[in-house]
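Undergrad: Before I ask anything, let me first share the structure, which is written out below as structure tokens.
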Amino acid sequence: MGNSRNMALTNTSLLLLALQMCAMSWQAWALVDLRMEDTVEVYMDETAEIPCLYTFTENPSMVMVQWFVRVSGGNRMRISYSDLTMQKVDTNTSYSNRITVRSNSDGETLTVQDVKLSDEREFFCQVSGMAAGNGEGKTLLRVFAPPEPPVIEGVLSGISVSGNSPAKIASCETRDGFPKPNITWYRDHIPIHPVNGLVNIVTLVMKESSGLYTVQSDLHYKVIKEDKDVHFSCEVSYFVPGAVRTSESKGVNITVHYPTTSVELWRELPEGLVKEGDTVEIRCQGNGNPPAPITFSREQSDVELESFQGLLVLKAVSRADSGVYECHSLDQDALDEDEVVETMQLTVHYLDPAVVVPKDSEVMLKGESLTATCNALSSLETSTVWFKDGLEIGRGHILQLHDATFDTAGQYDCEVTVPSLPGLQTSGSVNIIVQGAPQMKDAEREIELTERVGVWVNLTCEVRGHPKPAITWSITGSQSWREVVKRETADQIYSVVMLKVSADTVATCNSSNDFGIETETYNIRSIPFSQTPTARKTSVDNSGVIIVVIIVSILLLAILGSIFYFLYKKGKLPCGRSGKQEIINAYSTKEKTNKDDIVVEMKAKKTEESVLLKGVNGENKPPTDQNTTPSS
């Protein structure tokens, strides 16, 4: 059966050859117009369509169409054949299972499925119309495979600006592209081109077994200090059907090493002015990379101060820490290895303890004047305020006290501050003692009182003086008295005596110290029960109370009379004159008795209980009626 097929193919070929020879003899009289595209572009693994359009000047009796492809060595290989009777795809070729031919009135279209890279070649369409004419055309099929996005890697180690030649700073790779993609380098989105001695680009192209290309590019670059903040990137450009596309990588930054040419020195803490007791932090930083070692010292001193990574910490500074501080940076990578130095002035402000004159305490006589001063040595301008008992009494470092009185005595505090540096503050004090003869609180030295016999009265005596005066009471006319209150302070004494009025009485409060004597006298005129006092200054007046009691009694009697009258009208009481007279007599007798009792009993009772003046605790305590002698 295989021999029969071979014989049929041979006969067919001979027939075609004969027809071609006949057609050649007729070419002078007939023509064919054949049109094909120069290039057809398609992505790998997709489907390509190659049209072959033709027309004859004369109607052919038979048309034969054959498709060929260019193979190695420039030879051709047929892949398809068709005529009026048949259409077939040649077997045993790489296209046997991947091509189809579709005929129409204008010609044929060859379809290639699952396009591979090896399909990028010339496809030939050969048309024969016998006597009507022969023609041939070709189309180049181009295949495209976009590469993978570019991958960039920067050099991890630092690159020194002092290098003599360009150093590799980054590499860029793109894989599996067809045709071969191209790589372009960028510095901050500006293209980089090779420059002798400055920029060198090394590209390596590798063709994989699949026919796809992998391109790797290395950028060799002579860095400068300004490149420390620059981003380098690469871009891949590749062909696609009908266009050129690009894909850009991410940017990478490289580490640039450069020597220190200057240092910056500043104080981080505290902000503003520095005072004694503060913690001071001084920072020094050079402009080199990597940072050069930093050391600190005081001006005109070779002693290195302890620091850590460019930070100098001075704890609890004093005025002795004031001065010029130096920062030193020595870059070992620098060509000349010169030391870079920067200086800074540190001033520590201070405020010494306040000095008050007079110191501690000062004794004055009443009427004298005194000048007190409060000063504190400081590196800045100060402000002084004086206080007494928590209240501001003056400003400035001088305090003038004129015409001293006992009220002048006390503690005077001065507070010294620095307005421009609130944290600085000091204070001092002086205690002023004013000496003088005793001084009674009341200006009136003789007091006239009028009181009923049997009334208890409180007499007070309050004296100021320095040295603290002594108080004694001398009382004539009353045997019942005692001192109930006595309070003392540094320059003041307060005494209260309670006495019972039995006759005209004279009570004298005597106060004395080293500077004199002062007295205060109470003249008490006694009034018997039957008399009404005409004048008193300090007494317990019971007349108002008695009047109120009498009025209340009269009201009660009026109410009782109304009740009797009501009962009488109702018939509850006897109606005879004898009954009425008894009631009237009883009423008259009771009223007289009540009035006398009220006058006598109320006077006696109130005299005992109500006339006593309150003591210190405010309670009324009836004293024991006994003879006492004046307390000294």
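Undergrad: Residues that are charged (D, E, K, R) and free of Cβ contacts under 8 Å to residues at least 60 places away in the same chain, at least 3 per element: which strands (runs of 3 or more DSSP E) completely within segment 479-529 meet that?
TA: On the way: elements: 481-488, 492-500, 505-513, 516-527.
Result: 481-488.
Undergrad: May I ask you to list pairs of residues, at least six apart or on different chains, whose Cβ atoms are under 6 Å apart, with the first in segment 49-66 being at negative phi and crowded, with 19+ Cβ neighbours inside 10 Å and the second being charged (D, E, K, R) and in a strand (DSSP E or B)?
TA: If the second residue must be charged (D, E, K, R) and in a strand (DSSP E or B), the pairs left are Cys52/Glu108; Val65/Glu108; Gln66/Arg78.
Undergrad: Every residue in segment 449-470 that is under 30 Å from Thr408 (Cα atoms) and not in a loop (DSSP other than H, G, I, E, B), please.
TA: Filtering segment 449-470 for residues under 30 Å from Thr408 (Cα atoms) gives 459-470.
Selection gives Leu459, Thr460, Cys461, Glu462, Val463, Arg464, Gly465, His466, Ala470.
Undergrad: Only one residue in Ser480, Ser495, Ser429, Ser474 is of a type in the set (S, T, N, Q) and closer than 30 Å to Asp278 by Cα. Which one?
TA: On the way: Ser480 fails: closer than 30 Å to Asp278 by Cα; Ser495 fails: closer than 30 Å to Asp278 by Cα; Ser474 fails: closer than 30 Å to Asp278 by Cα.
Ser429 is the lone residue from the list that is of a type in the set (S, T, N, Q) and closer than 30 Å to Asp278 by Cα.
Undergrad: Under the condition of being of a type in the set (S, T, N, Q) and within 21 Å of Asp491 (Cβ to Cβ), which residue from segment 352-400 is modelled with the lowest pLDDT? Break it down stepwise before answering.
TA: Of the residues in segment 352-400, the ones of a type in the set (S, T, N, Q) are 361, 369, 371, 373, 375, 378-379, 382-384, 400.
Still in the running and within 21 Å of Asp491 (Cβ to Cβ): 361, 369.
On the way: Ser361: 89, Ser369: 94.
Taking the candidates together, the pick is Ser361.
Undergrad: Right, here's the next one. Among the residues of segment 85-101, which ones are outside any loop (DSSP other than H, G, I, E, B) and either outside the structural domain of Glu120 (by TED's automatic domain parsing) or closer than 15 Å to Phe123 by Cα (or both)? Can you show your working first?
TA: Restricting attention to segment 85-101, the residues satisfying the condition of being outside any loop (DSSP other than H, G, I, E, B) are 87-89, 99-101.
Scanning segment 85-101 gives Val89, Ile99, Thr100, Val101.
Undergrad: Hey, any hits in segment 327-343 for a residue that's exposed (fewer than 13 other Cβ atoms within 10 Å of the Cβ), assigned to a loop (DSSP other than H, G, I, E, B), of a type outside the set (Ser, Thr, Tyr) and without any contact (Cβ under 8 Å) to a residue 40 or more places away in the chain?
TA: Within segment 327-343, one or more residues are exposed (fewer than 13 other Cβ atoms within 10 Å of the Cβ), assigned to a loop (DSSP other than H, G, I, E, B), of a type outside the set (Ser, Thr, Tyr) and without any contact (Cβ under 8 Å) to a residue 40 or more places away in the chain.
Undergrad: Take segment 133-180 and flag every residue that is part of a strand (DSSP E or B), hydroxyl-bearing (Ser, Thr, Tyr) and free of Cβ contacts under 8 Å to residues at least 60 places away in the same chain.
TA: If we filter segment 133-180 for residues that are part of a strand (DSSP E or B), which is where we start, we get 134-145, 151-154, 159-160, 167-178.
Subset that is hydroxyl-bearing (Ser, Thr, Tyr): 139, 160, 171, 174.
Matches in segment 133-180: Ser171 only.
Undergrad: I would also like to ask the following. Out of Val244, Val215, I need the residue that is closer than 26 Å to Pro179 by Cβ, touching a Cys at 6+ places or on another chain (Cβ under 9 Å) and either free of Cβ contacts under 8 Å to residues at least 12 places away in the same chain or in the same structural domain as Leu156 (by TED's automatic domain parsing) (or both). Which one?
TA: Working: Val244 fails: touching a Cys at 6+ places or on another chain (Cβ under 9 Å).
Exactly one residue qualifies, and that residue is Val215.
The values are calculated or read from the model by the stated rules, or taken from the named source; none is laboratory data. Everything numeric here is computed off the predicted structure, so don't read it as measured data. Heads up, the Cβs are rebuilt from the backbone with ideal geometry, glycines too, and the neighbour counts pull from every protein chain shown.
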